[in-house]
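The values are calculated or read from the model by the stated rules, or taken from the named source; none is laboratory data. Computed from a prediction, not measured in an experiment: that's the story for all the values here. Positions of Cβ are generated from backbone atoms using ideal geometry, with glycine treated the same way; all protein chains shown enter the neighbour counts.
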Amino acid sequence: MAKKEYSKYQSNAISGYYGNLDTIMLQKLGEIVTELYLTESEKKKAQLWQRAQKAMTKLKIKPAIMNHIMEKKNPVILAKNLNDWLKQKKK
């Protein structure tokens, strides 16, 4: 497969996305926490927890922490950890 050539604008957009991936994933986790509090459907909650796990994987969260969050599936625990991760990001 041939290497794809990108314009300068496209290259800057791509590098900007990957340069800010941690910020983007933290924001997505915040949105997921909100949705988890508001949704009543178990099917929707299961989908949200899958999205949360993918976001935590992209953030390279320690497996022990991620496993604990996923075992409990408690939005409060996720929210508290997210708050800690946001504080670390600001430092």
Quick one: would you say K43 is modelled with pLDDT of 95 or more and either of a type in the set (F, W, Y) or over 17 Å from the mean Cα position of the chain (by Cα) (or both)?
yes
Scope the stretch 63-91; condition hydrophobic (A, V, I, L, M, F, W, C) and either in contact (Cβ under 8 Å) with a residue 24 or more places away in the chain or part of a loop (DSSP other than H, G, I, E, B) (or both); matching residues
L78, A79, L82, W85, L86
Among the residues in the stretch 41-56, are any free of Cβ contacts under 8 Å to residues at least 60 places away in the same chain, acidic (D, E) and in a loop (DSSP other than H, G, I, E, B)?
no
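Rundown of residues vs (1) in a helix (DSSP H, G or I); (2) touching a residue at least 60 places away in the same chain (Cβ under 8 Å); (3) out of contact with any strand residue (DSSP E or B) (no Cβ under 9 Å at 6 or more places or on another chain); (4) not acidic (D, E), yes/no style:
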position: A13; (1), (2), (3), (4): yes, no, yes, yes
position: I32; (1), (2), (3), (4): yes, no, yes, yes
position: E35; (1), (2), (3), (4): yes, no, yes, no
position: I61; (1), (2), (3), (4): no, no, yes, yes
Every residue from the stretch 50-71 that is within 15 Å of Y37 (Cβ to Cβ) and surrounded by fewer than 17 Cβ atoms within 10 Å (Cβ to Cβ):
R51
